[in-house]
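Please read the structure below before turning to the comments.
The values are calculated or read from the model by the stated rules, or taken from the named source; none is laboratory data. These numbers were taken from a predicted model, which means no experiment stands behind them. Note: ideal-geometry Cβ built from the backbone for every residue, glycine included; neighbour counts use all protein chains shown. Ligands, DNA and RNA are excluded from the accessible area calculation, which covers all protein heavy atoms including side chains. Shrake-Rupley method; radii C 1.70, N 1.55, O 1.52, S 1.80 Å.
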Amino acid sequence: MEVREMSIEQLEERKTAIAVEVDSEGADLDALESEVRSIKEELERRAAEEAQKVEIRKAVAEGAGKPVENIIKVEEKPMTIEEIRGSAEYINAFADYIKTNDDKECRKLLSTNAGSGAAYVPVPVLVDDIIRHAWDDEPLLARVRKTNFRGNLKVAFESAADGAYVHSEGTTADTEESLTIGIVTMTPANIKKWITISDEAITMGGESFVRYIYNELAHQIVKKLAALVVNDIATASVSHSSSAVGVPAITAAPGVVTLANAAAYLCDEASNPCVIMNRLTETAFLAAYAAGNFGVDPFAGFTKIYSSQLPAYGTASDNAVYAIVGDLDGAQVNYPEGEGIAIKYDDLSLSEQDLVKIVGRQYAAHAVTAPGRFCNIKKPAAATT
């Protein structure tokens with residue numbers, strides 16, 4: 001090992017070992033003398049180096065030295081809006097904004113770090129995540145088409161149209177296509193949910209408070225919106241009109257081919273069909289499956305989506321829609337103000353009960369906008385005797 005690679009302890013140990021080796025028979029005295037000289041020089045070098053360090057530390061402690069010029073300055077970049085919205089400081093400020101309706105602290109953070117260009121108070125990243133997960137956790141709304149057009153939205157659909165044709169050269173051309181267009185007008189409305197919390201709960205920290213409020217409101221609002229979409233399909237007329245998409249219907253009890261028969265009414269563009277039903281209705285299909293000696297899957301491989309908006313087959317009225325087969329891309333939800341949830345904080349209405357009312361609302365429109373994507377299944381009327 002080179003002397004520069006050895007520690008001081010190792011150098012001292014080597015010196016002691018050399019003192020023994022010089023008395024050995026056949027020892028290379030010249031080599032040992034050279035090694036001792038190298039060790040001595042290395043020890044002296046390190047001692048001088050350490051003494052220099054001591055002097056430098058002493059001089060610095062006594063205020064010696066002068067500013068170093070030409071230091072590379074690192075430019076501090078302002079935080080982006082996304083970075084601010086994800087910070088703990090902004091979450092705390094936003095929690096205070098909910099409670100007081102005073103957005104000064106939120107705007108102060110925005111203007112200090114990212115410029116003063118925000119026309120409204122953005123929600124924290126945490127809130128976006130909560131609402132997005134609420135969508136993802138609701139399997140029905142995760143499949144519908146979503147848009148963000150301002151005001152009322154008009155969606156055109158083909159109510160009736162002639163097919164294409166082959167024109168052979170020299171023959172008379174067919175007449176112009178007959179095309180009937182319908183227009184669905186999607187008018188938004190407020191979907192609201194309000195909860196009450198105690199004055200004690202108001203003292204929760206910023207993130208805990210925001211998470212508690214938005215988790216509860218987002219879950220209930222999304223659940224209601226999913227029920228409204230199911231109702232749009234189940235209550236649709238069988239045939240198209242100038243302002244609404246029609247949904248065909250079959251009348252059949254749960255059986256091994258009931259869902260397959262309903263799927264036969266879907267158009268070629270219905271690429272991702274599913275079956276929507278009450279959980280209790282599933283047992284009726286399973287009973288038919290068992291009665292058929294498990295020969296045919298009654299669900300035809302469709303994804304099952306459960307909705308309490310539809311009645312269970314056993315308790316449904318005659319001719320009531322108890323199941324839907326279709327591709328949910330044929331339903332549309334439009335958010336004129338975005339997918340966020342607006343919050344109103346009311347600490348006066350129930351103040352005598354030491355409760356605070358918090359109202360959440362989402363402005364949305366919903367409708368069936370594509371033909372050939374759904375088929376309703378109705379319960380047969382009971383046989384008369």
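Rank Met186, Met79, Met6 by accessible area, highest first, at a 1.4 Å probe radius?
Heavy-atom accessible area, descending, gives Met79, Met6, Met186.
With the other protein chains left in place, how much accessible area per residue, in square angstrom, belongs to the chain at a 1.4 angstrom probe? Working shown, then result.
Working: 23160 Å² over 385 residues.
Each residue of the chain exposes 60 Å² on average to a 1.4 Å probe.
Measuring from label point to label point, each 7 Å out along Cα→Cβ, what is the Lys357 to Ser271 span in nm?
My value for the distance between the label points is 4.8 nm.
Sort Tyr313, Tyr363, Tyr322 from largest to smallest accessible area, using a 1.4 Å probe on the heavy atoms of the protein chains.
Tyr363, Tyr313, Tyr322
Would you mind checking which residues have amide H under 5 Å from Ala320's amide H? H placed 1.01 Å from N; only 5 or more apart, or other chain.
Amide H neighbours of Ala320, under 5 Å, 5+ apart: Lys379.
Using only Cα atoms, what Kirkwood radius does the chain have, in angstroms?
On the way: mean 1/r = 0.0351 Å⁻¹.
That comes to 28.5 Å for the chain.
Which value, in Å² and to the nearest 10, is the accessible area of Val54 when all protein chains are kept and the probe is 1.4 Å?
For Val54, solvent-accessible area is about 80 Å².
If eta is 0.692 mPa s and T is 37 °C, what Stokes-Einstein diffusion coefficient results for segment 307-355, Kirkwood Rh from Cα pairs, in µm²/s? Show your work: numbers first, answer last.
Numbers: Rh = 16.0 Å.
Taking Rh from Cα pairs, D becomes 206 µm²/s.
Measure off, as a whole percent, the carbon and sulfur share of the 1.4 Å-probe accessible area of the chain, all protein chains present.
Numbers: 11590 of 23160 Å².
Answer for the chain: carbon and sulfur cover 50 percent of the accessible area.
Under the √(5λ) rule applied to the eigenvalues of the Cα gyration tensor, what semi-axes describe the equivalent ellipsoid of segment 244-382? Give them in Å, descending.
37, 21, 13
Residue separation times 0.36 nm, minus the C-alpha to C-alpha distance between Leu350 and Glu21: what's the value? It would help to have the intermediate numbers written out before the result.
Numbers: separation 329, 0.36 × 329 = 118.44 nm, distance 9.61 nm.
In short, 108.8 nm is gained.
Just tell me, in residue order, which DSSP H segments of the chain are both 27 angstrom or longer along the helix axis (alpha-carbon based) and at least -0.5 in mean Kyte-Doolittle hydropathy. Could the numbers behind the result be given before it?
Details: long enough: 29-61 (48 Å, -0.68); 206-234 (42 Å, 0.39).
Span-like helices here: 206-234.
Stretch Asn261-Ser241 to full length: gain in nm at 0.36 nm per residue minus the Cα-Cα span? Mind showing how you got there, number by number?
On the way: separation 20, 0.36 × 20 = 7.20 nm, distance 2.43 nm.
Value of the extension gain: 4.8 nm.
Give me the percent relative contact order of segment 251-385, please, defined on Cα pairs under 8 angstrom at least 6 residues apart.
Details: 242 pairs, mean separation 44.9, N = 135.
33 percent.
Could you work out the Rg to Rh ratio of segment 332-385, with Rh taken as the Kirkwood radius (inverse of the mean 1/r over all Cα pairs)?
On the way: Rg = 21.8 Å, Rh = 16.1 Å.
Answer for segment 332-385: 1.35.
To the nearest 20 debye, what charge dipole does the chain have about its Cα centre, counting +1 at the Cβ of each Lys and Arg and -1 at the Cβ of each Asp and Glu? Before the final figure, lay out the partial values.
On the way: 37 positive and 58 negative charges, 547 e Å.
Result for the chain is approximately 2620 debye, rounded to the nearest 20.
Considering only C-alpha atoms, what is the centroid distance from segment 274-324 to segment 326-385, in Å?
Going from one Cα centre to the other spans 23 Å.
Ranking request for peptides 323-331, 21-29: highest mean number of other beta-carbon atoms within 10 Å first, then the rest in descending order.
On the way: 323-331: 24.7, 21-29: 9.4.
So the peptides 323-331, 21-29, ranked by packing, come out 323-331, 21-29.
In debye to the nearest 20, how big a dipole does segment 240-385 give about its Cα centre with +1 on each Lys and Arg Cβ and -1 on each Asp and Glu Cβ?
On the way: 8 positive and 13 negative charges, 91 e Å.
Magnitude of the dipole: close to 440 debye.
Please list 3J(HN,Hα) in residue order for segment 344-354, calculated via the Karplus relation 6.51 cos²θ - 1.76 cosθ + 1.60 where θ = phi - 60°; whole Hz, with x for glycine and proline.
After applying 6.51 cos²θ - 1.76 cosθ + 1.60, I find 10, 10, 10, 9, 10, 4, 10, 5, 5, 9, 6 Hz.
What order do Tyr90, Tyr97 take when sorted by accessible area (1.4 Å probe), most exposed first?
Numbers: Tyr90 0, Tyr97 60 Å².
Sorted by accessible area, descending: Tyr97, Tyr90.
State the answer as a single residue: which of Leu328, Val155, Gly206 lies farthest towards the positive end of the charge dipole of the chain, with beta carbon charges of +1 for Lys and Arg and -1 for Asp and Glu, about the Cα centre.
Towards the positive end, the residue furthest out is Val155.
With labels modelled as points extended 7 Å from the Cα through the Cβ direction, what inter-label distance (nm, one decimal) is found for Glu62 paired with Ser87?
Here the answer is 4.5 nm between the modelled labels.
In whole Å, largest first, what are the principal axis extents of the Cα atoms in segment 186-301?
60, 44, 23
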